[in-house]
Amino acid sequence: MSGRNVERKPVILWFRHDLRLDDHPALLSAVATGHPLMCVYVFDPCVERSAVEGGAYRWWLRGALAALRKQLQSYGGTLLTLAGDAQDVLPRLAAEIGAVTVFAHQRVLAAERAQDQRLVEKLAQCGIGFQLEWGTVLRHPQDILTKDRYAYRVYTAFWKALRAVGAEAPVSAPQEIVFCGLSASLLADMRLNEERLRPVVPDWAAGMRASWRVDGKAGMQVLEAFVNDLCCDYAKARDYMAREGTSRLSPYLASGMLSPRRVWDVLAQRGDDGEGAQVFLSELGWREFAQYTLFHVPSLSYENVNPKFHAMPWRRSEQDLTAWQRGQTGVPIVDAAMRQLWQTGWMHNRARMIAGSFLTKHLLIDWREGEAWFRDTLVDYDPASNAMNWQWVAGTGIDAAPFFRIFNPTLQAEKFDPDGEYIRRWVPELGALSGKALREPWNASVTVLRSAGVELGQTYPRPIVGLPEGRERALGAFKAL
DNA sequence: TTTTGAGTTGTTCGA
DNA sequence: GTCGAACAACTCAAA
């Protein structure tokens with residue numbers, strides 16, 4: 001036997017929602033085997049409700065994969081990107097290179113867990129191991145249980161329990177990585193054409209490029225900037241839609257470019273116990289609660305958690321749904337929110353609640369319609385957060401939601417966009433209006449509208465539903481249950 | 001087992 | 001303008 005033949009067989013590191021090298025337990029485990037590494041990402045549009053279903057997330061993904069590849073290149077390796085059903089792709093890759101084990105992080109979406117289950121069996125048949133670890137959450141979902149060993153269904157109680165045990169400590173990126181060779185011909189027919197993740201005609205990503213930096217250092221830098229500059233005002237500032245008061249970390253967390261445990265640790269290291277830091281940590285707690293809840297309640301993403309709502313008489317109106325999606329409802333704050341989403345792939349947290357409440361209450365349209373639209377348009381799309389928050393706003397979720405939680409869009413605008421700056425930025429055709437007329441143009445006088453160059457029904461739509469009527473209709477429907 | 005207090009982010013109405 | 005109460009009834013979590 002020549003020396004070549006005793007070269008060790010490779011192991012596969014399968015990157016999924018963890019596109020980073022920092023705090024990557026699966027990577028450390030793979031490196032610790034001493035086998036050379038094949039790093040792979042599989043673009044798999046076959047998995048229902050997975051992030052890659054969304055156009056905006058695909059745009060983000062292209063940058064994230066490039067960033068990850070660059071990081072791997074600094075270690076002397078690279079990233080193989082493949083496309084197709086992972087159930088076929090992974091076994092074929094493993095067979096092709098003679099891999100002994102596949103390492104990856106656990107996922108929480110039901111369809112992804114089912115796929116992993118099938119892969120465990122499929123790989124085992126070929127004598128290949130599939131080792132899954134927890135690396136995308138603060139704690140294993142089984143670590144946080146009630147005294148009766150049930151999963152928490154109320155956030156506050158969950159949060160108290162999570163705070164009590166704290167997050168798992170993050171781990172550093174490996175010192176060095178030994179890679180196995182990657183020939184250009186390997187699985188040539190299964191390679192992902194990363195260019196195709198980018199929209200070409202029409203190029204709707206211009207606003208996203210202007211809004212986001214997608215590179216390997218960006219997540220950490222945004223985090224540093226947040227803790228240095230924004231964190232102390234976070235408790236209040238985060239509510240104002242025109243301000244840059246939020247952390248804007250969500251897409252880095254969703255893609256896994258940034259580890260939640262690293263975020264937790266950075267906050268902990270600073271020992272900042274001010275209100276801003278506490279409120280921010282609790283927002284990270286909400287992200288965790290979503291992951292946790294989807295793990296314990298797999299149907300979260302497609303079915304009302306509270307079965308009472310199965311009988312809900314949701315309205316079907318393509319016209320209203322489209323108006324909402326396009327930001328043409330005639331309610332300025334809602335339209336501003338929806339247009340911010342469309343143009344930048346992101347929406348301010350409070351705006352999400354307002355837009356979500358408007359869809360599910362005033363329009364009485366099924367939250368799953370909103371969930372699907374956000375899935376397609378958010379760069380920070382996360383199956384768990386998206387589903388849980390839609391169920392929260394619809395009142396169908398884990399939270400014993402008061403049925404009267406119906407946001408009044410104009411009151412919200414008055415409180416959280418007092419100068420109308422947010423509306424004016426995203427609904428420029430109303431730019432010459434101010435005050436109440438900007439928030440409720442349908443109540444403004446023709447004179448005021450005309451002098452602002454606004455003609456309702458022409459330059460800007462009349463509201464597709466009256467706010468009091470919509471509210472009453474929703475109250476009636478919810479009460480009837 | 002029973003009881004008790006509480007439940008992310010709200011709105012309206014009347015004093 | 002500000003403030004407190006009312007808005008159903010239910011489920012959860014812990015004592």
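Throughout, read-outs are computed from the coordinates displayed, never taken from laboratory work. Bear in mind the structure is a predicted one, so any value in this text is a computation, not a measurement. When we count neighbours, we look across all protein chains shown, and the Cβ atoms used for this are built from the backbone with ideal geometry, even at glycine.
Note down, for chain A, the three equivalent ellipsoid semi-axes (square root of 5 times each alpha carbon gyration tensor eigenvalue), biggest first, whole angstrom.
43, 24, 22
Assuming R0 = 56 Å, what is the FRET efficiency of A:L456 and A:V266, from their Cβ-Cβ distance, to the nearest 0.05?
Between A:L456 and A:V266 the formula returns 0.70.
If you scale each eigenvalue of the Cα gyration tensor by 5 and take the root, what three semi-axes come out for segment A:185-297, rounded to whole angstrom and sorted largest first?
31, 19, 14
If you wrap segment A:372-481's Cα atoms in a convex hull and average its projection over all directions, what's the area in nm²?
8.6 nm²
Quick one: angle between helix A:155-165 and the longest Cα principal axis of chain A, in degrees between 0 and 90, rounded to 10, please.
That helix lies at roughly 40 degrees to the long axis.
Pairs of alpha-carbon atoms within less than 8 angstrom and 6+ residues apart define the contacts here; what relative contact order does segment A:200-282 have, in percent?
33 percent
Give a quick list of trypsin sites (Lys or Arg not before Pro) in segment A:297-359 that DSSP marks as loop, anything other than H, G, I, E or B, with at most 13 other Cβ atoms within 10 Å.
Sites meeting the loop and neighbour criteria: A:R316.
By a straight-distance test (C-alpha under 15 Å), which aspartates and glutamates pair with A:K436 as possible cross-link partners, with residues fewer than eight away in the same chain excluded?
A:E414, A:D417, A:D419, A:E421
Considering segment A:149-230, what Rg and Dmax in Å follow from its alpha-carbon atoms?
21.3, 54
Measuring from label point to label point, each 7 Å out along Cα→Cβ, what is the A:K9 to A:Y150 span in nm?
Taking the simple label geometry, A:K9 and A:Y150 are separated by 4.7 nm.
Dimensions of segment A:9-145 along principal axes (Cα, Å, largest first)?
Principal axes ranked by extent give 36, 34, 31 Å for the Cα atoms.
Could you list, bin by bin from short to long, the percent of Cα-Cα pairs of segment A:95-171 in 10 Å steps?
16, 36, 28, 15, 5
Would you kindly state how much longer the chain becomes between A:H140 and A:E96 on full extension, computed as 0.36 nm times their sequence separation minus their alpha carbon distance, in nm to one decimal?
Taking A:H140 through A:E96 to full extension adds about 12.5 nm, to one decimal.
Looking at chain A, what % of its DSSP beta bridges pair antiparallel, to the nearest 5? Intermediate results must be reported in sequence, preceding the final value.
Details: 1 of 20 bridges.
In chain A, approximately 5 percent of DSSP beta bridges are antiparallel ones.
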